[in-house]
Each structure stands twice: as structure tokens, then as C-alpha cells.
Amino acid sequence: MRVAVVGGGFGGVYAIKLLQRWSAATITLFEPNERFVFTPLLHEVAVGALHPNAVTHVYTDIFRQQITHVKERVTHIDVYKKRLTVGKNNYSFDYIIISPGAKAHLPKQPVHKLKTIPDALEIKQTIENNVRDAIAKNDPTLLTCVLVGAGPTGVELAAELVDFYKQQITNQQSTLTPKITLLEGYPTILYDTDTRVQNIALAKLKKKGVIVHTSAFVENITNAGVRAKVHDTQKTFTAACIIWTAGVQPHDVASTVEKKEGHFRVDETLQLHDVPYAFAIGDAALLPTPVPKLAQVAVQQGAHAAKNILRVHKGKPGKPFVFNDKGFLVSLGHGYAAGVVKGLCIKGMFAWILWRTVYLSKFSGVRSKLRIAKEYTKNLFTW
Ligand SMILES: Cc1cc2nc3c(=O)[nH]c(=O)nc-3n(C[C@H](O)[C@H](O)[C@H](O)COP(=O)(O)OP(=O)(O)OC[C@H]3O[C@@H](n4cnc5c(N)ncnc54)[C@H](O)[C@@H]3O)c2cc1C
């Protein structure tokens with residue numbers, strides 16, 4: 001049984017792990033990157049709190065048996081002929097799991113984004129340069145930052161940025177005051193989450209000095225900053241650094257099946273309609289009842305697709321996917337997080353430690369766990 005997995009993110013990796021556990025399938029991973037990226041911790045790389053190596057893992061460390069890793073982007077999938085294309089080469093498969101994830105849905109103007117390690121390092125470089133120049137020129141406008149999008153990424157990054165600027169300014173004995181603004185189109189921050197967490201996060205951000213505007217629709221971005229309509233009033237927010245965290249769209253992978261706004265449409269079993277050997281999961285999949293675009297969804301769908309492949313292989317029909325919501329945690333700067341776990345709302349240092357432990361437990365390989373635990377411990381004392 002030859003299984004092709006397109007994309008080595010959360011969904012793809014967990015599908016492979018479980019296929020290896022339960023079968024002797026011959027697996028080929030198609031993924032241009034050398035290493036798996038743990039995106040929920042990227043904001044810590046952007047502010048220099050974690051080294052990129054602490055949030056990435058070579059694929060050979062993750063899987064218990066060897067797989068073939070084709071380090072290139074899939075350009076076309078012929079689902080009906082069971083063949084995919086990478087550059088000039090074609091590969092055949094018996095089953096396919098399509099999990100190329102999503103990319104940032106950006107405006108035309110140049111802004112920073114946070115989806116990859118290079119994105120995080122670019123933000124780090126910009127804010128470090130801005131701090132250096134602001135202090136040299138005694139110019140607080142260089143310490144202005146506007147984040148567009150108050151989902152988990154925008155909220156976590158805004159809180160981390162406050163800590164970053166505070167630490168830099170204290171270290172350099174400056175009296176300049178940074179200004180961080182968070183803009184959100186919805187009437188609340190963390191729109192899809194529990195109201196209790198929204199309120200805790202909003203109060204914490206305000207206490208840290210972040211200026212939060214909800215119902216704020218960005219209309220234009222210029223050298224002067226971000227122009228937005230906030231509750232029917234036009235406002236311009238000057239910014240030396242603009243970070244866009246609002247919205248994602250699936251990666252383009254051409255295919256013989258019809259897609260909806262780039263998403264592969266699947267039924268409840270995660271199978272492409274009428275194609276029992278082809279599955280789509282994670283951020284690139286669209287179910288009849290949509291599920292959130294979260295790592296925990298992609299992980300569960302990866303495991304479920306693996307299970308269903310084995311069922312189909314034995315001549316049984318696939319089972320419907322049911323999302324098991326394990327809760328939600330959002331970090332709100334150094335030493336503080338908030339979230340809901342098993343219906344219980346938690347916040348503070350305990351939630352922050354839990355948040356980090358959850359992530360730590362997801363890292364495969366003892367070496368990776370030890371490396372990131374070491375960085376976490378170091379940060380406890382240096383931040
Ligand atoms: C900054 C940030 C913070 C986040 N924080 C959280 C959080 O705290 N909690 C949470 O649950 N979720 C979080 N998410 C969302 C979570 O990361 C995604 O929902 C999850 O990664 C989706 O998994 P996936 O497997 O669909 O895609 P991904 O994990 O994005 O993986 C897709 C992979 O496919 C590869 N690929 C793309 N195109 C091709 C191609 N043509 N051929 C081959 N390979 C391809 C990519 O290189 C990538 O490695 C965050 C996302 C970001 C960006």
C-alpha cells in the first residue's frame with residue numbers, strides 16, 4: 001500500500017505517525033521544508049524568546065521508521081489517475097492525504113506576516129533595528145507597532161512585543177515609551193473563543209498598555225501607517241512596524257478535483273467526494289460542517305484519515321470525523337496565559353506553565369523535548 005502525504009505540517013505528520021504505528025504502508029512525504037515547524041510558538045521566535053531550532057524538528061527525528069521525503073512542492077494532483085507531479089517528475093500512489101495547510105492572506109502593501117521561521121526572523125530583525133535606531137535618535141515613533149488581526153496569533157504577539165520592548169528599553173536605560181496597537185474587524189478579540197477568555201485577554205492587554213480597537217476595518221496601508229475605519233470613524237495609526245495576522249487562505253495545489261476558494265472539499269469521513277482513496281485534512285480541507293483552523297483539528301484529522309485509509313483498504317467504509325475539542329489556551333506575555341480546559345476557565349502563571357507543558361508534550365523525541373525545556377527554563381530567569 002503506497003500512501004502519498006502532501007505537506008508535513010500538523011496534519012501530515014500525525015497521519016504518518018499513526019500509519020506507521022498501525023500498518024506497514026510505504027509512505028512518501030512531499031514537503032519542501034527540511035524541518036517540521038511548530039507554528040504556535042512562532043511568536044516567541046519573533047521576539048527572540050526562543051531560538052528557531054527550539055520550535056523546528058528534522059523529520060527523521062519525528063518518525064519511528066524511515067519514510068521517503070521528497071523535498072519539493074507538489075504542483076499538481078491527478079486524483080483520478082492516482083498520480084501527482086513534483087517539478088518534472090510524476091509519482092503514483094494508492095492512497096493520498098492532502099494537507100498543504102494555509103498561507104497568510106495579505107494585503108497588496110508590504111507588511112510583516114507570521115507563518116514561517118523566516119517571517120519570525122524578519123520581524124525580530126525589524127523590531128531590533130527599530131529599538132536601536134529609536135534609542136540612537138531618541139525617537140519614540142520608531143517604537144510604534146500596529147498588528148492587524150486579534151486572533152490568537154495577533155493577541156499572543158502583541159503581548160510578547162510589550163515584554164520585548166520593555167526588556168530592551170530597560171537594558172538600554174532609555175525612557176522612551178513604545179506604542180503597540182491591535183486592530184480587529186470583529187466586535188471582540190479572539191472572536192471564535194470563550195467570552196471569559198476574551199475578557200481576560202482584553203483586560204490583560206490593556207493593563208500591559210496595548211491599545212486595542214475592535215470593529216476596526218483596515219482600508220489602506222501607506223508609509224504613514226495604517227488607515228482604518230473604527231466604528232464609522234476614519235483613523236490613521238502611524239507605525240514603524242506593521243504585522244498582518246488577519247486571515248489565511250489554502251496553499252495553491254492544482255488538482256483535477258473542483259475546489260472551493262482553494263479548499264479541498266471533503267465529506268464527513270475526510271474523503272474527497274466519490275474518491276474513497278483520497279483524503280484532505282487540516283487548514284486546506286473544507287468539511288460539510290466547518291471546523292476551526294487549529295493545530296489540534298489538523299492533528300485529529302491526520303489520525304482519523306490514517307484510520308480511514310486502513311478501513312477502506314480492508315473494504316470497509318470510512319467513519320465520520322468528530323472534532324474533540326481539548327480546550328484552548330492563549331499566552332498573554334511572559335508568565336501569563338488564559339484559557340478553557342475541560343470547561344474550566346483558567347488564567348495566570350499556572351495557565352502559562354500548562355500552556356508551555358502542552359506544547360512541550362507535543363514535541364517528538366527526547367532530544368527536542370530537552371532542548372526546548374532548557375530554553376523555557378532559561379527564559380524564566382532571563383525575561
Ligand atoms: C503564528 C501561528 C500561530 C498559531 N497558533 C496556534 C495555536 O496556538 N493553537 C492552534 O491550535 N493552532 C494555531 N495555529 C494554527 C495551526 O498552526 C494550523 O491550524 C495548523 O498548522 C494546520 O495544520 P496543517 O497540517 O493543515 O497545515 P500546516 O501545519 O501549515 O502544514 C502544511 C505543510 O504543507 C507544506 N506545503 C504547502 N504547500 C505544499 C505543496 N504544494 N506541496 C508540498 N507541501 C506543501 C508546508 O510547507 C507545510 O509544512 C497557529 C498558526 C500560526 C501561523
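Read-outs throughout are calculated quantities, based only on the coordinates presented, and are distinct from any laboratory measurement. Source: prediction; values computed, not measured. So basically every Cβ, Gly included, is an ideal-geometry build from the backbone, and we count neighbours across all protein chains shown.
Couple of notes before you dig in:
- For the chain, the longest principal axis of the alpha carbon atoms and the long axis of helix 295-313 meet at an angle near 0°.
- Among 218, 253, 341, the largest mean-square fluctuation in a Gaussian network model of the chain (Cα springs under 10 Å) belongs to 341.
- Crossing angle, helix 117-137 versus the chain [Cα axis fit, 0-90 degrees, rounded to tens]: 10 degrees
- Environment charge of residue 116, counting only residues whose C-beta is closer than 15 Å and scoring Lys/Arg +1, Asp/Glu -1: 0
- Taking every Cα-Cα distance in the chain and sorting them into 10 Å bins starting at zero, the pair-distance distribution P(r) comes out as 5, 22, 30, 24, 14, 4, 0, 0 percent.
- At an R0 of 56 angstrom, the distance between the Cβ atoms of residue 354 and residue 85 translates into a FRET efficiency of 0.80.
- Protection proxy ranking, peptides 44-55, 266-277, 140-151, average beta carbon neighbours within 10 Å, highest first: 140-151, 44-55, 266-277
- Per residue, the chain reaches -10500 deg cm²/dmol at 222 nm when only DSSP H runs of four or more residues are counted, each adding -39500 (n - 2.57).
- Within the shell of other residues whose beta carbon sits under 10 angstrom from the beta carbon of residue 252, the net charge comes to +3, with Lys and Arg scored +1 and Asp and Glu -1.
- Highest mobility in the GNM of the chain, judged by mean-square fluctuation with C-alpha springs under 10 Å and restricted to 238, 126, 68, is found for 68.
- Selected from 158, 120, 136 as most flexible by GNM, with the chain as the system and alpha-carbon contacts under 10 Å: 136
- Annotation for residue 319 and residue 61: the two label points, set 7 Å from Cα along the Cα-Cβ direction, are 3.3 nm apart.
- Sequence-distant residues sharing a close amide H with residue 255 (under 5 Å, placed H): 77
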